[in-house]
Amino acid sequence: MIGKIAKKIFGSRNQRVLSKYKKLVVQINDQAAQMQPLSDVELSAKTEEFKARLAAGATLDSLIPEAFAVVREAVFG
């Protein structure tokens, strides 16, 4: 009974995970316009940029949207 009420209020675990991923997909899609004009060489250079940003203290989580946008553009561009 309490589980059903909590599920209605907070959603199931699956719904919460999907909600989190939907937010990430929106962030990735927002990066698309910035990645489209980049050449293959510029997209490849993003790897070194990401490494430098990590060395400077950026977190992996902060790089995920941009990194996925780069990969998507390299594959489907």
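Please treat every number below as a calculation from the coordinates, not as lab data. As the structure is a computational prediction, the values presented were derived from the model and not from experiment. No Cβ is skipped: glycine too gets one built from the backbone with ideal geometry, and neighbour counts run over all protein chains shown.
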(message) On a straight-distance basis, which lysines could pair with K8 in a cross-link, Cα separation under 28 angstrom, same-chain partners fewer than 8 positions away excluded?
(response) K20, K22, K23
(request) Grab the Cα-Cα distance for S62 and L43, subtract it from 0.36 nm times how many residues apart they are, and report the gain in nm with one decimal. (result) 5.0 nm
(message) Tell me the angle of helix 13-35 to the major Cα principal axis of the chain, expressed in degrees between 0 and 90 and rounded to the nearest ten.
(response) 20
(request) Equivalent ellipsoid semi-axes for the chain, as square roots of 5 times the alpha carbon gyration tensor eigenvalues: give them largest first, rounded to whole Å. (result) 35, 15, 7
(message) Under a Cβ-only charge scheme (Lys and Arg +1, Asp and Glu -1), can you give me the dipole magnitude of region 2-76 about the Cα centre, in debye to the nearest 20?
(response) 960
(message) Could you work out [θ]222 nm for the chain from helices alone, using -39500 (n - 2.57) per DSSP H run of at least four and dividing by all its residues? Round to the nearest 500 deg cm²/dmol.
(response) -28000 deg cm²/dmol
(message) Rounding to the nearest 10 and keeping the result within 0 to 90°, find how far the Cα-based axis of helix 40-55 lies from the longest principal axis of the chain.
(response) 60
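Run the numbers for I5 and K20: contour at 0.36 nm per residue of separation, minus the present Cα-Cα distance, in nm.
Numbers: separation 15, 0.36 × 15 = 5.40 nm, distance 2.14 nm.
Gain in length upon complete extension: 3.3 nm.
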(request) Find which of T47, S62, Q34 sits farthest along the positive direction of the dipole of region 2-76, computed with +1 on the beta-carbon of Lys and Arg, -1 on that of Asp and Glu, about the Cα centre. (result) S62
(message) Within 15 Å, Cβ to Cβ, of L24, how many net charges do the neighbouring residues add up to if Lys/Arg are +1 and Asp/Glu are -1?
(response) +2
(message) What do you get for the angle between helix 60-76 and the principal long axis of the chain? Use alpha-carbon atoms, 0 to 90 degrees, nearest ten.
(response) 60
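Just to confirm the filter: which chymotrypsin sites (Phe, Trp or Tyr not before Pro) across the chain are DSSP coil and have at most 14 other Cβ within 10 angstrom of their Cβ?
Numbers: sites: F10, Y21, F50, F68, F76; in loops: none.
Nothing satisfies the criteria.
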